[in-house]
Amino acid sequence: QVQLVESGGGLVQAGGSLRLSCAASGSMRSINTMGWHRQAPGNQRELVATITSGGSIKYSDSVQGRFSISRDNAKNTVYLQMNSLKPEDTAVYYCNYYDRVSYWGQGTQVTVSS
């Protein structure tokens, strides 16, 4: 089992920034992928960004150039720096951990006002 605890969501004006953190604990494998997904009301959950334990990164087209994902393997923590936020970024953001099984955090609300 892997437990994920997210923090850092909140309310911000368009153009502002937020930083999300997700701390993982439990039975983690050395080779894994962590990332962020989001779900807006009425929409399906969508991938935002992922980063492997080796440092390979992927972004969705909608956040490329505005969001930056990073991780501290020593702390088992993944971060999402979100800049130039737009109202359409409003969603619940979920941390994800994957090695052979996928685990999810409880989600943190990000609201961007226009």
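Just a few scattered comments:
- Considering residues of segment 74-83 that are open to solvent by less than 50 Å² (accessible area, probe 1.4 Å) and among the aliphatic types (A, V, I, L, M) only, the residue nearest to the chain's Cα centre (by Cα): Leu80
Residues are listed down the side, and each one gets a yes or a no for (1) in a loop (DSSP other than H, G, I, E, B); (2) open to solvent by 50 Å² or more (accessible area, probe 1.4 Å); (3) touching a residue at least 40 places away in the same chain (Cβ under 8 Å):
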{"position": "Ser21", "(1), (2), (3)": "no, no, yes"}
{"position": "Ser62", "(1), (2), (3)": "yes, yes, no"}
{"position": "Gly65", "(1), (2), (3)": "yes, yes, no"}
{"position": "Ser68", "(1), (2), (3)": "no, yes, no"}
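- Odd one out for Ser17 among (1) touching a residue at least 40 places away in the same chain (Cβ under 8 Å); (2) surrounded by fewer than 20 Cβ atoms within 10 Å (Cβ to Cβ); (3) within 12 Å of the chain's Cα centre (by Cα): (3)
- In segment 23-48, residue farthest from the chain's Cα centre (by Cα) [restricted to those that are of a type in the set (Gly, Ala, Ser) and surrounded by 14 or more Cβ atoms within 10 Å (Cβ to Cβ)]: Ala40
- Residue list for segment 77-114, restricted to those being assigned to a loop (DSSP other than H, G, I, E, B), at pLDDT 95 or above and polar (S, T, N, Q): Asn83, Ser84, Thr90, Gln106
Residue-wise test of (1) of a type in the set (Gly, Ala, Ser); (2) closer than 22 Å to Gln1 by Cα.
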site	(1), (2)
Ser17	yes, no
Asn32	no, yes
Tyr59	no, no
Gln64	no, no
Ile69	no, no
Val78	no, yes
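- Pick from segment 84-112, criterion in contact with a strand residue (DSSP E or B) (Cβ under 7 Å, 6 or more places away or on another chain) and farther than 19 Å from Ala23 by Cα, ranking: surrounded by the fewest Cβ atoms within 10 Å (Cβ to Cβ): Pro87
- Number of positions in segment 6-19 that are within 12 Å of Asp89 (Cβ to Cβ), touching a strand residue (DSSP E or B) at 6+ places or on another chain (Cβ under 8 Å) and not in a strand (DSSP E or B): 4
The values are calculated or read from the model by the stated rules, or taken from the named source; none is laboratory data. All figures in this text were calculated on a predicted structure; none of them were measured in a lab. Reconstructed Cβ throughout: ideal geometry from the backbone, glycine too, with neighbour counts over all protein chains shown. Please note that ligands, DNA and RNA were not included when accessible areas were found on the heavy atoms of the full protein model with its side chains. Shrake-Rupley method; radii C 1.70, N 1.55, O 1.52, S 1.80 Å.
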